[in-house]
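Below you'll find the structure, written out as structure tokens, and then a few comments.
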Amino acid sequence: MAVDDETTPLLGEREAEVAKNKSKPSLFSASTLILFAGFIISLSFSYTQTPMIYTFHVMVCEEFYKHAPPYEGTGDRCARNEIDGAAATQVAIMGSATILCGITNLFVAGWEMRHYGPKKALAIQTFFPAIRVAIQTTSLFIGARAGIIIMQLSQLTGVWGGPAGYILILNTIVAEITDPAGRTAMFGRLQGVLMLGVSLGLIVGGIVAEKFGIEKPFELASISFLVCTAYVLSFVPYIDPKSLSSDESRPKPKGPLGFLSPLKVLGPQKLILASGQIVKHYGILFLALGVFTGVLATGYAPTLIQMYSMTVFGFTSTNNSLLMSLNCLVRGLFLMFAFPRIIARGRLAFKNDDAPPSNTPPESPLPTEPHDIDPLPPAGPDQEEPVKPPKPVAVVQGAGFDLFFLRWSLLIDGIITASSAFANQGWHLYLVGSLLPLASGSAPAAKGVLTEMVPPKNKADALQAMTLVEYSATLTTMGLFGFIFSSFAEIGQSYMTFYCNAAVAIVGVLVLLFSRFPPPNSDIMTDSPDAETETLVSDTTLEESNED
């Protein structure tokens, strides 16, 4: 172990690395490399989204005519209600398997990060999807019932590598390489490039399938995932997996409980106030409940708009692909360019310039005479000079705006969703699809608030737990609002589903009103006996968060 001496630079290793990265050209900075990685990975995942539904329709049709008389009429032989219903069932099974494997993938990705580091874990998350789409390509040549089963079973590879895991890892890397003041904006940029990749992938996948054959997007995706793996191993910055551990002194649960341990971060925190009183703080818990309710309200909106457009306005799959591409494009541009500026200006408005930077009165002069300096106490036999000085706690001024923005973004999302019920022409839905992304900053804002509420060493666990909350809400909303939509559609009032969406969004806003930053100068109590308390926020952050 190296010993610090007079020649040791005062700037810490992490600060020196950040300063070094800032001196590089922005084109090759760590943040740019991560954003480009997110773009090409989301692009690779999106090539097969549009062709996937069509392939199920074709294979169900093949299976149907194995047991039915040959088709002798004119037109599309697969245009039958029996085939449409069976295809919808198989797509639903595929979707449920995808979400369940994605939830499992979150825990696996978190385990991979803590054992191999985010870089290798991200490479694993892009390599296994290459195997998955190669298997799916094979299922297209087999076809019929066997092809459907192979296609659905291929989703099991999503346990080791899938969209849930790579998004978690990218968010974790962003939280590690970005300074606290720019973390929320960087979360928004990352989600923005992911949406741009999805938008481009939907268009390219549809064109390639139409021009060169339905199997070509799957082959393209397989090659693209291998390219992503090579890019990650070559350009994504390395982060020591030890820096992602929660508490080295705390015993880790073994077996399945070890995967569930990150969820503890979302529970109540024991805090020691400045007065010495011990209290429980529920800010993170209400934040997680608010995010769950928000995703429950907004997660089904894209699917709802597509189904409503087909039922009421007769949209085709091409119309819906264009609608979703437009939605993702506007969402990506908003999160990349508008969202960071909104966060920056909002924090300036919430910033408390009157708060003193420390407990030392600003008018206290520095000692200039020898008699003004107190003598040092004699060194005892057990005393030694500390190897490293303690690190000051960084406080992001204006961070209270992130929580303010999160509440209003969810409220505006609910209002726009409710307005979809008044659409009486097809172009109205294109307008709604363009306006909804303007309230899409709730996800990065929630991650920004979360990383401010937890100690730095718990950021990885907190992001993993919050991503699990989002995916659980997505799984719930698919079943809940799918049932609500079908119930209203049977009585010819499917537009009522939009009002139900808006009502749940308002409930989410009310829940988020109970989420607050910890009290000023509070210290978190850890479970380990040897661990010391950690200061979370100062008076400045509390005053800013309470201004909203």
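The values are calculated or read from the model by the stated rules, or taken from the named source; none is laboratory data. On a predicted model such as this, the values are computed, not experimentally measured, just so you know. Counting neighbours? That spans all protein chains shown, and the Cβs are built from the backbone with ideal geometry, glycine included. The protein model used for the area step is the full one, side chains on, heavy atoms only, and it has no ligands, DNA or RNA in it. Shrake-Rupley method; radii C 1.70, N 1.55, O 1.52, S 1.80 Å.
Annotations for the structure displayed:
- Filtered residue count, region 144-170, keeping only those that are under 19 Å from LEU194 (Cα atoms) and of a type in the set (Ser, Thr, Tyr): 1
- Qualifying residue in region 177-185 (condition: at pLDDT 90 or above and open to solvent by 30 Å² or more (accessible area, probe 1.4 Å)): no
- Taken together, the residues in region 197-247 that are touching a residue at least 12 places away in the same chain (Cβ under 8 Å), out of contact with any Gly (no Cβ under 8 Å at 6 or more places or on another chain) and not in a helix (DSSP H, G or I) amount to 7.
- Put simply, of ILE167, ILE131, ILE149 the only residue that is more than 19 Å from PHE218 (Cα to Cα) and either touching a strand residue (DSSP E or B) at 6+ places or on another chain (Cβ under 8 Å) or open to solvent by 10 Å² or more (accessible area, probe 1.4 Å) (or both) is ILE167.
- Per-region count, region 70-85, residues open to solvent by 100 Å² or more (accessible area, probe 1.4 Å) and in a loop (DSSP other than H, G, I, E, B): 3
- When region 309-337 is filtered for residues that are under 13 Å from LEU438 (Cβ atoms) and loosely packed, with under 15 Cβ neighbours inside 10 Å, only PHE337 remains.
- Within region 277-288, considering residues that are open to solvent by less than 50 Å² (accessible area, probe 1.4 Å) and over 30 Å from CYS328 (Cα atoms), the one farthest from the chain's Cα centre (by Cα): VAL279
Yes/no matrix, rows are residues, columns are (1) open to solvent by 10 Å² or more (accessible area, probe 1.4 Å); (2) at pLDDT below 90; (3) charged (D, E, K, R):
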| position | (1), (2), (3) |
| --- | --- |
| GLY426 | yes, yes, no |
| LEU431 | yes, no, no |
| GLY448 | no, yes, no |
| LYS457 | yes, yes, yes |
| ALA460 | no, yes, no |
| LEU468 | yes, yes, no |
| TYR471 | yes, yes, no |
| GLY482 | yes, yes, no |
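- With respect to being open to solvent by 10 Å² or more (accessible area, probe 1.4 Å) and either within 18 Å of VAL193 (Cα to Cα) or among the charged types (D, E, K, R) (or both), VAL291 falls outside the description.
- Checking each residue in region 105-127 for being open to solvent by 60 Å² or more (accessible area, probe 1.4 Å) and closer than 23 Å to TYR47 by Cα picks out only PHE127.
- Residues in region 58-68 that are assigned to a helix (DSSP H, G or I) and either surrounded by fewer than 18 Cβ atoms within 10 Å (Cβ to Cβ) or in contact (Cβ under 8 Å) with a residue 60 or more places away in the chain (or both): VAL58, MET59, VAL60, GLU62, GLU63, TYR65, LYS66, HIS67.
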